[in-house]
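The values are calculated or read from the model by the stated rules, or taken from the named source; none is laboratory data. If you're wondering where the values come from, they're calculated on a predicted model, not measured in any experiment. Heads up, the Cβs are rebuilt from the backbone with ideal geometry, glycines too, and the neighbour counts pull from every protein chain shown. Heavy atoms of the whole protein, side chains included, go into the accessibility calculation; ligands, DNA and RNA do not. Shrake-Rupley method; radii C 1.70, N 1.55, O 1.52, S 1.80 Å.
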Amino acid sequence: MHSSLDQKHISGAERLLGFSQLEEAASAMLQRALSHPRGAADHISLTVQSLKQKQVRKHSLLKFASFEVDNYIQGRDRAQKLLEMLDIDPLIVRNAISLLATGPSASGGVMRGAALINVDSGDRLELDQSRGVRVSRMDLDPAARSAIELFLKAQTLTNPRIIEAWVLASKVALYPQVVAELCWSDDPDYLTGYVASAQNGYQRITHLKESGCEMGGRVFFVRPVVDLNALIDLLQNEPVLFGSPLMESHCICGT
Ligand code: AMP
């Protein structure tokens, strides 16, 4: 689902599910587009595509950690350090953080998808800097959902966005060309974001922006790749269902 208001991106969502769940999921997506804190959409597109079950790859979610910080300044500092630990140049990280803070779209607002940044040069790689790259065709395996929900509930994490973001980040991290991802929401009421990587897992950070701020987005830090289009195709089109993480890692980390 993709929705917009006055031609500006409002919200999007991706699911990968059985035919019997289609109606309920479609109705939940419409509801979401119409009740978003950034405004009720005036344009909603819902695309449904059928897939053969054997096309669907199965994988485990990234391991999960949560960093408690008092404010977005501490949070961005933490994100900077986590990304530097992956050997990404500090200046490229700083620029990526300020890109999301000021509006990554060509028009200065939020993008529909993610910005791709070359980890060596810091250059933007996506062709369309308003749309970006939208990761799609991924979901949580229904067999794993209740265990994952219980795990999160035990940490008083009940917002369904967490699972969506964890699943998306786990798909992005599947591809070796991606070194890391940085994300925070464009929803003015949702201040939490994350750094994710195959190496260190999904690292949630409780504050990455100020309350009321409508700026947000995603940056994928990628190695210079021989075939960027092939990577974009996998991110957009490869269907993947995620099960419980292989490594049980439930750390709640301080600043
Ligand atoms: P959200 O967490 O849904 O508030 O999304 C935050 C930002 O991430 C959006 O403004 C988009 O720029 C980007 N984004 C949302 N969904 C996707 C997706 N499926 N693939 C890539 N980027 C996305």
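Details
- Among the lysines of the chain, pairs at least eight places apart or on separate chains and with Cα atoms under 20 Å apart come to 7.
- Result for the chain in a Gaussian network model with C-alpha springs under 10 Å: among V48, V135, V56, the largest mean-square fluctuation is at V48.
- Extending 7 Å from the Cα toward the beta-carbon at both Q7 and H59 defines two label points whose distance is 3.6 nm.
- Prolate/oblate/rounded call for the stretch 148-250, Cα gyration tensor, a/c under 1.5 rounded: oblate
- For the chain: rounded, prolate or oblate by the Cα gyration tensor [a/c cutoff 1.5]: rounded
- Counting charges near A79 (Lys, Arg +1; Asp, Glu -1) among other residues having Cβ under 13 Å from its Cβ returns a value of +4.
- Note on L30 and Y175: their simple-model spin labels are 3.3 nm apart, each label 7 Å out from Cα toward Cβ.
- DSSP finds beta bridges in the chain, and of those with both partners inside it, around 55 percent are antiparallel.
- Comparing L174, L46, L116 in a Gaussian network model of the chain (Cα springs below 10 Å), the most mobile by mean-square fluctuation is L46.
- Here R32 sits with roughly 80 square angstrom of accessible surface, probe radius 1.4 Å.
- Figure note: M29, M215 ranked by solvent-accessible area, largest first, 1.4 Å probe, ligands and nucleic acids not counted: M215, M29.
- The chain: most fluctuating residue of A165, A26, A196 per GNM, C-alpha cutoff 10 Å: A26
- Surface listing: S45, S197 arranged by accessible area from highest to lowest gives S45, S197, probe 1.4 Å.
- The heavy atoms of K58 offer some 130 square angstrom of accessible surface to a 1.4 angstrom probe.
- The chain: DSSP helices with Cα axial extent of at least 27 Å and average Kyte-Doolittle hydropathy no lower than -0.5: none
- Protein accessible area in the chain, 1.4 Å probe - carbon and sulfur %: 51 percent
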